[in-house]
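A.B. asks: Structure incoming, see below.
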Amino acid sequence: DPRGAGESYPRPQRGGYSPAYQLAARMWLLGGSVAAMHVEDLRVGIQWLAKHPKVDAARIKVLGKGELGPAALIAAAVEPAASAVAIESSIVSYQQFAEAKLHDGLYSQVIPGVLKHFDLDDAIRLIAPRSVWIVSAVGPTGVPMRDKIVRELVPASAVIREKPEDWPVAKIYKDWLK
């Protein structure tokens, strides 16, 4: 897991802001962001796996769930060793966040100034022709988006899938994992 996510997620403390927000605020004070930290952690992990003698470097895949979706896309865009990337229950556009009146979880996904340079659809274009799957995309408030809206936001090369609630990961990603 990247720092600040999964098992390394800050444990809740009494009162004040959430631990995730506190981590994000500390990163801003240091001139960084949680999302940039996650991209770097994923990038280093991909590089490490590519050099590991017991890993088939041609089969390294990146799966980013929730707030880690943007980081997974950006890491795969800059690391050619990632053969495929999938994001699940994730946003697909920073611009959509910027235009939304309401949003949820922005502090953990934003890279300050990112829209001056690119949006997530640009990252998907950089990943091509490698495989990109978008599974059950969500909007700025975390509400699932219809496939038609997702298709308008991402390049045609991306595969868009819905995840039925009770399906195990192996069933959803069976073809992606080949």
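The values are calculated or read from the model by the stated rules, or taken from the named source; none is laboratory data. Here the structure is a predicted model, which is why all the values come from computation and not from measurement. Accessible surface is based on the protein model in full, side chains and every heavy atom, while ligands, DNA and RNA are left aside. Shrake-Rupley method; radii C 1.70, N 1.55, O 1.52, S 1.80 Å.
A.B. asks: From Cα pairs below 8 angstrom and at least 6 apart in sequence, can you work out the relative contact order of region 29-178, rounded to a whole percent?
C.D. replies: Numbers: 256 pairs, mean separation 33.4, N = 150.
Relative contact order for region 29-178 comes out at 22 percent.
A.B. asks: Would you compute the Debye intensity of region 80-161 from its alpha-carbon atoms alone, equal scatterers and no solvent, and pass along log10 I(q)/I(0) at q = 0.27 Å⁻¹ to two decimals?
C.D. replies: Reported log10 I(q)/I(0), two decimals: -1.46.
A.B. asks: Given that compact globular proteins tend to follow 2.2 N^0.38 Å, what is the ratio of the alpha-carbon Rg of the chain to that value?
C.D. replies: Values: Rg = 16.0 Å, N = 178, 2.2 N^0.38 = 15.8 Å.
My calculation over the Cα atoms of the chain gives 1.02.
A.B. asks: When Rg is the radius of gyration of the Cα atoms in region 133-178 and Rh is its Kirkwood radius, what does Rg/Rh come to? Numbers along the way, then the final one.
C.D. replies: Details: Rg = 11.3 Å, Rh = 11.5 Å.
Ratio value, two decimals: 0.98.
A.B. asks: Quick one: 3J(HN,Hα) in Hz for region 156-164, Karplus 6.51/-1.76/1.60 with θ = phi - 60°, rounded, Gly and Pro as x.
C.D. replies: 4, 5, 6, 8, 10, 9, 9, 9, x
A.B. asks: Pick from Gly113, Gly32, Gly139: which is most flexible by mean-square fluctuation in a GNM of the chain where alpha carbon atoms under 10 Å apart are linked?
C.D. replies: Top of the fluctuation ranking is Gly113.
A.B. asks: Rg/Rh for region 118-158: what does it come to with C-alpha atoms and Rh from Kirkwood? Each step should come with its number before you reach the end.
C.D. replies: On the way: Rg = 10.4 Å, Rh = 10.8 Å.
Rg/Rh for region 118-158 comes to 0.96.
A.B. asks: OK, next. Find the centroid of the Cα atoms in region 54-88 and in region 122-178, then give the distance between the two in whole Å.
C.D. replies: Here the two parts' Cα centres lie 13 Å apart.
A.B. asks: Also: Give Lys61/Lys171; Lys54/Lys163; Lys54/Lys178; Lys116/Lys163; Lys65/Lys163; Lys61/Lys116 a once-over and call out the pairs whose C-alpha atoms are over 21 Å from each other.
C.D. replies: Values: Lys61/Lys171 16 Å; Lys54/Lys163 31 Å; Lys54/Lys178 18 Å; Lys116/Lys163 32 Å; Lys65/Lys163 12 Å; Lys61/Lys116 28 Å.
Going by Cα-Cα distance, Lys54/Lys163; Lys116/Lys163; Lys61/Lys116 fall outside the 21 Å limit.
A.B. asks: Please report, as a whole percent, how much of the solvent-accessible surface of the chain comes from carbon and sulfur atoms (probe radius 1.4 Å).
C.D. replies: Working: 5790 of 10160 Å².
The value for the chain is 57 percent carbon and sulfur by accessible area.
A.B. asks: What are the residues whose amide H is under 5 Å from the amide H of Gly64, where those residues sit 5 or more places off or on another chain and H is modelled from the backbone?
C.D. replies: Long-range HN contacts for Gly64: Ala86, Ile87, Glu88.
A.B. asks: Quick one: the Cα spread of region 31-88 along its three principal axes, in angstroms, biggest first?
C.D. replies: Principal-axis extents of region 31-88 (Cα, largest first): 35, 25, 15 Å.
A.B. asks: Could you provide, to the nearest whole Å², the per residue accessible area of the chain with probe 1.4 Å?
C.D. replies: 57
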